[in-house]
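Take a look at the structure below.
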Amino acid sequence: MNTPYGLEIVESCLTCKLRQEHWFCNLSSGVLKQLAESSHLCTYPGGAVLFVEGQTPRGAFVLCSGKAKLSTTSREGKVLILKIAEAGEVLGLSAVIAGEPFETTAETSGPCQVNFVEREALIRLMQKNGEAGLHASQALSKEFQSAYRDIHDLVLSRSSAGKLAKLLLSWTPSRAQPEPPEVRVRASLTHEEMAQMIGSSRETVTRLLSDLKKKELIRLEGSTLVIRNRTALEALAA
């Protein structure tokens, strides 16, 4: 059975067909059952705010399907998108464990199915179950490593063009052998969102994309990005 957003309805984590090889989904059936008893499955449209930066956490959010963007805002109101979370990831876990306000704002990028896990129940399970504690530690470690790489790229990239090239390449699959002449990926972000991910302006992103097209490094076909010269784009991102 599907929702009005075309998403398959999940009644229970134990029977879920969307299970991913991530922290929440990859628990043993016994631990997953305990966690599922304290969670609530919800369906959201695109643009729904799951939590706001500075808000006290009532629980963590498991992204069962769809994508969500995590962002932070400066005092001047400038938005920086830190990450696009994929299905299977846990949102807000570090704030929940630390008992501190959320560090970011989470907003769905399209229709999503989300499992909300109450903080008290999650903390109790981690205290009593080593498997849950280990998986949570692994999830936090991956989150930290990802944040470190993103900060490194954002701060140390030499130019906005290099940052944009790296962002475009991040949407592509790993190199195949033999490498196809062109790589096609779905460009799901607007120019404004791209700018927020590389710490630039929408006007700069629009100009840089135009430059890349003139140099025949990329081509845009509606919402599809065609990378025509991956090697040159990689050199720009280096």
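So, Glu103, is that one part of a loop (DSSP other than H, G, I, E, B), over 17 Å from Gly47 (Cα atoms), open to solvent by 20 Å² or more (accessible area, probe 1.4 Å) and at pLDDT 90 or above or not?
When the stated conditions are applied, Glu103 passes them.
Return a yes/no flag: does the range 171-190 have any residue that is in a helix (DSSP H, G or I), open to solvent by less than 50 Å² (accessible area, probe 1.4 Å) and more than 30 Å from Ser39 (Cα to Cα).
Looking for residues that are in a helix (DSSP H, G or I), open to solvent by less than 50 Å² (accessible area, probe 1.4 Å) and more than 30 Å from Ser39 (Cα to Cα), one finds none in the range 171-190, hence no.
Evaluate the following for Phe116: is it of a type in the set (A, V, I, L, M, F, W, C), in a strand (DSSP E or B) and at pLDDT 90 or above?
yes
Just to verify a result, which residue in the range 196-216, among those that are surrounded by 15 or more Cβ atoms within 10 Å (Cβ to Cβ) and β-branched (Val, Ile, Thr), is nearest to Gly77 (Cα to Cα)?
Applying the filter and picking the extreme gives Ile198.
Filter the range 38-82 down to the residues that are free of Cβ contacts under 8 Å to residues at least 12 places away in the same chain and out of contact with any Leu (no Cβ under 8 Å at 6 or more places or on another chain), then identify the one that is surrounded by the most Cβ atoms within 10 Å (Cβ to Cβ).
Filtering first and then ranking leaves Lys78.
Can you tell which of Lys166, Lys142 is part of a helix (DSSP H, G or I), within 19 Å of His191 (Cα to Cα), open to solvent by 60 Å² or more (accessible area, probe 1.4 Å) and out of contact with any Lys or Arg (no Cβ under 6 Å at 6 or more places or on another chain)?
Lys166
Can you say whether Arg219 is surrounded by fewer than 15 Cβ atoms within 10 Å (Cβ to Cβ), modelled with pLDDT under 85, of a type in the set (Lys, Arg) and more than 22 Å from Ala106 (Cβ to Cβ), as far as the supplied structure shows?
For Arg219, the condition - surrounded by fewer than 15 Cβ atoms within 10 Å (Cβ to Cβ), modelled with pLDDT under 85, of a type in the set (Lys, Arg) and more than 22 Å from Ala106 (Cβ to Cβ) - is not met.
Condition check ((1) modelled with pLDDT of 80 or more; (2) in contact with a Pro (Cβ under 6 Å, 6 or more places away or on another chain); (3) surrounded by fewer than 17 Cβ atoms within 10 Å (Cβ to Cβ)) across all residues:
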site	(1), (2), (3)
Leu125	yes, no, no
Asn129	yes, no, no
Gly133	yes, no, yes
Arg149	no, no, yes
Asp153	no, no, yes
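The values are calculated or read from the model by the stated rules, or taken from the named source; none is laboratory data. From a predicted model like this one, the values you see are computed outputs, not experimental measurements. FYI the Cβ positions are ideal-geometry reconstructions off the backbone, even for glycines, and counts take in every protein chain you see. For accessibility, only protein heavy atoms count, side chains too; no ligands or nucleic acids. Shrake-Rupley method; radii C 1.70, N 1.55, O 1.52, S 1.80 Å.
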